[in-house]
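Report on the structure given below.
The values are calculated or read from the model by the stated rules, or taken from the named source; none is laboratory data. The shown structure was predicted, so the numbers you read here are calculated from the model rather than taken from an experiment. When we count neighbours, we look across all protein chains shown, and the Cβ atoms used for this are built from the backbone with ideal geometry, even at glycine.
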Amino acid sequence: MIKFIFVFSSFFLFLCANTIYENKVIDLALKKKLYDNKVFKSLLFYKNKFFIKDKNFYLSVKRNLKSELIADIKGFFKKSTDFKNINNHPQCKFPARFLFLKHSLNLPDNIFPKIECPELEEYKKKAPADNIYIVFASANLKDPSSMMGHTFFKFEGVNYKSRKVSHAVSFFTLINTFNPFKLIYENIGPGMKGFFVLRPYKEILYNYLENQNRNIWEYKLKLNNFQKKFIYYHIWELRNIKMKYYFTAFNCATVDLFIVSIINPDILKNYQYYISPLDLIKLINKFKLIKKGILIPSDEWFIKLIEEQMNFFKIYKIKIAVENKNINKLSELNNFYEKLLAQIYAIYLFKHRKLSQNDLNKIIKNLKFKKNTFIDISKYKNPLKTPYQRQIGSGYFRDYDNKKYLFLNFLPASHTLEDDNREYFNESELKLGNIIVLMNKKKILLERLDIYTIYNLIPFDILTKPFSYDFSLNLRRDYDKKMNKKLYGNLKVGIGENFKFQDINLFFLLNGKMRINKKVDFLINPIAGISVYTIGKGKIIAKYVKNYTFNSLIYKKISLSYNMFLSTFKIYYNLSIINNKKREFSIGLSKYF
């Protein structure tokens, strides 16, 4: 009986102490207005609204910051016996919020119930994060889900078996259709299913480099031990949360931005409606969160990089020697770049099953490199130096009938062929939602609306033999046979070649085009063009375009544009001559942001 009274009294005192501490912590948190703290808002993915809708991400029934703060505190004081599965205890589900509360109010651990969290401990044992990186994978324009590139986190550390391990933590979606109209509907309406996964880093790296031919930049984040732990725990909180993926409003960069913002919430001031993966890494660099960066290139890109260091005849000589497995010829190579190209091309052929493992080993063995010889490619093409991914502009336009307009244009996502693309791997254009409107005293006209437009001008080389391609889905005013301009819906697909000579690109594309006004037209649309970067900060693009039906020419056009890049601005001039007689002219100013 005495023992029972002692146990009951101890339990009662524990409950009383627990309740007292709980109430004091709630009072202190409310007094300090912790619910209005920027870090707390970032932990809840809150910026003017709650971005995550899944009720499992919240402990409060009411969806507001103050209620959630109180519910979180009460949850952290709950007993382990209140849960059938201890992993559902708030200390286990939301360790970053728990860490934030203790750190913000300077609270000791011993005022809270001691909770063992088996799943969290397993995470800490198997996926340590002694170092955390933000990783950028370049765009794969053939895949709609990666057309803006991709960002994700890399954890690096020593696990419980004393082995160095690396893991990738990524938010992404799976595209199960190439129907552009369905993709647009899902992006505007219900969204796509988002996945937040943790996988071995080498699997992700192999997929990007080998299967998708994408380049990888690893940026090591400048974090102290507390900040590493904070991000590490916060990512754990997101592992089973259901989130909708939108290409614009809520993509991989959006999620990664909110995660990084728990370290510096001011970074969210730069977020409005949309952020791209490139925008994200530039923002992180702007806020001085990057310690260092390295580039891991795909084989095809690395081949192009090395080819720029030598002439055609040397490249062709290496190609024949590697393909014929001519060890004697390869042994004669003395230049570092020649040897490097031979090695990379041999690896490329092996991966494409055109060279055996034995032949590859022989070639590499006979390409004798001097010790401590290396090439630094980390700054060759730097995403941090690319222009911002949005632009807005205006200017003057005079059409072929000498009608004068003020035009306004807005590109909410990515870049154009007329932009400074020198820090990309090739000349390219990717426009999502680009709109141009013409205005004068009499009328307002929609000149163009690009739903999804791609130019990918990949430099030709004799080793990998890539094709360039063109795809667009848009509304634009265009000429009919009588040289009247009408608004057409267009779907265009094309293929061609691009030849690069230093800062000059010479390209040819053969397109098939379907356009719809009151009737459907099927057109053949060949394009020949040249782009040249001038001395200073300028770029000239000239194009010769024809549009045929199957039996007659509708029109031909010669266009010339000059673009001058001034920090975050672009001044440009365009002149077009249609059918050798009608002229269109425009001059404008765009702001990158």
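Out of (1) surrounded by 13 or more Cβ atoms within 10 Å (Cβ to Cβ); (2) touching a residue at least 24 places away in the same chain (Cβ under 8 Å), the odd one out for residue 577 is which?
So residue 577 meets the others, but not (2).
Quick one: in the range 412-462, which of the residues that are among the basic types (Lys, Arg) and assigned to a strand (DSSP E or B) is farthest from the chain's Cα centre (by Cα)?
Here the residue is 448.
Sort out which residues of the range 323-347 are outside any loop (DSSP other than H, G, I, E, B) and either of a type in the set (D, E, K, R) or over 17 Å from residue 309 (Cβ atoms) (or both), and write them in order of number.
Correct list: 323, 327, 328, 329, 330, 331, 338, 339, 346, 347.
Run down 519, 539 and say which single residue is basic (Lys, Arg) and closer than 24 Å to residue 573 by Cβ.
The conditions single out 539.
Checking the structure you have, find out if any residue of the range 355-365 is modelled with pLDDT under 90, surrounded by 14 or more Cβ atoms within 10 Å (Cβ to Cβ) and either within 27 Å of residue 149 (Cα to Cα) or not aromatic (Phe, Trp, Tyr) (or both).
No, the range 355-365 has no match at all.
Could you please let me know if residue 465 is among the basic types (Lys, Arg), part of a strand (DSSP E or B) and either modelled with pLDDT of 95 or more or not assigned by TED's automatic domain parsing to the domain that holds residue 138 (or both)?
So residue 465 does not fit the description; no.
Is the range 245-263 home to any residue that is aliphatic (A, V, I, L, M), at pLDDT 90 or above and in a loop (DSSP other than H, G, I, E, B)?
Checked against the condition, which is being aliphatic (A, V, I, L, M), at pLDDT 90 or above and in a loop (DSSP other than H, G, I, E, B), the range 245-263 yields at least one hit.
State whether the residues of the range 415-428 include one that is farther than 17 Å from residue 470 by Cα, in the same structural domain as residue 565 (by TED's automatic domain parsing) and among the small types (Gly, Ala, Ser).
No, there is no match, as no residue in the range 415-428 is farther than 17 Å from residue 470 by Cα, in the same structural domain as residue 565 (by TED's automatic domain parsing) and among the small types (Gly, Ala, Ser).
Condition (residue is among the basic types (Lys, Arg) and touching a Lys or Arg at 6+ places or on another chain (Cβ under 6 Å)) applied to the range 395-403: is it met by at least one residue?
There is at least one residue in the range 395-403 that is among the basic types (Lys, Arg) and touching a Lys or Arg at 6+ places or on another chain (Cβ under 6 Å).
The rows are residues; the columns are (1) part of a helix (DSSP H, G or I); (2) in contact (Cβ under 8 Å) with a residue 24 or more places away in the chain.
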{"position": "24", "(1), (2)": "yes, no"}
{"position": "35", "(1), (2)": "yes, yes"}
{"position": "39", "(1), (2)": "yes, yes"}
{"position": "42", "(1), (2)": "yes, yes"}
{"position": "56", "(1), (2)": "yes, yes"}
{"position": "59", "(1), (2)": "no, yes"}
{"position": "62", "(1), (2)": "no, no"}
{"position": "71", "(1), (2)": "yes, no"}
{"position": "75", "(1), (2)": "yes, no"}
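Determine whether the range 376-397 contains at least one residue that is at pLDDT below 95 and more than 36 Å from the chain's Cα centre (by Cα).
There is no residue in the range 376-397 that is at pLDDT below 95 and more than 36 Å from the chain's Cα centre (by Cα).
For residues that are at pLDDT 95 or above and among the hydrophobic types (A, V, I, L, M, F, W, C), scanning just the range 53-72, find the one that is surrounded by the most Cβ atoms within 10 Å (Cβ to Cβ).
Residue satisfying both the conditions and the ranking: 69.
Looking only at the range 531-590, filter to residues that are closer than 23 Å to residue 423 by Cβ and not in a strand (DSSP E or B); which one of those is modelled with the lowest pLDDT?
The selected residue is 536.
Name every residue in the range 474-517 that is closer than 26 Å to residue 435 by Cα, among the polar types (S, T, N, Q) and assigned to a loop (DSSP other than H, G, I, E, B), in order of residue number.
484, 517
Consider residue 132 carefully, then state whether it is in contact with a Leu (Cβ under 7 Å, 6 or more places away or on another chain) and either modelled with pLDDT under 95 or not assigned by TED's automatic domain parsing to the domain that holds residue 452 (or both).
yes
Taking residue 500 as the residue in question, decide whether it is of a type in the set (Lys, Arg), surrounded by 13 or more Cβ atoms within 10 Å (Cβ to Cβ), assigned by TED's automatic domain parsing to the domain that holds residue 452 and modelled with pLDDT under 95.
Here the answer is yes, as residue 500 does meet what is asked.
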